[in-house]
Structure formats: C-alpha cells, structure tokens
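In what follows, a single structure is set out as structure tokens and then discussed.
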C-alpha cells in the first residue's frame, strides 16, 4: 500500500472546512485564533506615536492613544521620565439555543520615555482629549550654586 500525501492533505482540508462550518457557523467563518481556555484573542495595539518638546521652562509631551478610554490609562511621571501603561479588556458572550461562545480581547502596552531634562513631577498638568494625551511638566531650575568664602584659620 502506497501512502498518498496529496490525498491526505485534501482529506484534512475537508475536515477543517467541516469544522469551521459547524463550529463557527456561516456568519463567523472568519474567526480564528482561539487559545486554550480563553476564547478569541487578538491584539491591535501599535506602539503609540510620541512627540517631546523642550522649551526654556517646561517639557511638553504628546502621546497618541486612539481608541483608548481615559479610565484605561495609567500615567506615572518621575523627575526624568514618563511611563504610560494602557490595558483595555473586552468580553463578548454569545448564547444560542445549543451553543455558547465567549470572546475575550486584551490590548495592552507599556512605554517608558526618558525626558531631556529633569522636571518637577508634582507640578505636571495632563489632559486627555480625542485620543491624545498631553503632558506639560515644568523643568527644575538649575540655578547657580551659591558659594561661601571660608577663612582658613
């Protein structure tokens, strides 16, 4: 008996098509990518665009976060960097007569941005509007260090 590899590939293709039709249904054929116990998992986040500008007295940062809600953003500012973390979770359940499907999607990212100068992190002003996070942080003023003359005895 000779094994027919092309016949085997055709048989597997028929079985996969049968599985797709019966499991996903006609309207859900395009859904693939199930992970064990989690349902459908996809990620559509890209690294957000970021623009940093330095003026004489402040640092201005603009970070694009399209499609993100304010509640999903965690912002931390230290004297020399900005850290932005976003985690967005969605869950969809489909209950039908003889079937149940649960789709979960988690999109997340973390970005640490070094600043060109030290800032007063406690005095920053941030706004989030139309998918753009704007941060304005006043720079620490580096003044001339005062010196005191000491007489040697």
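Structure notes:
- Label positions at residue 132 and residue 112, each projected 7 Å from the Cα along the C-beta direction, are separated by 2.8 nm.
- FRET efficiency, 1/(1 + (r/R0)^6) with R0 22 Å, evaluated for residue 100 and residue 72 via beta carbons: 0.20
- Note on the stretch 37-138: the alpha carbon radius of gyration divided by the globular reference 2.2 N^0.38 Å gives 1.40.
A short reminder: the numbers here are calculations on the coordinates, not readings from a lab. Computed from a prediction, not measured in an experiment: that's the story for all the values here. Cβ atoms come from the backbone with ideal geometry, glycine included; neighbour counts cover every protein chain shown.
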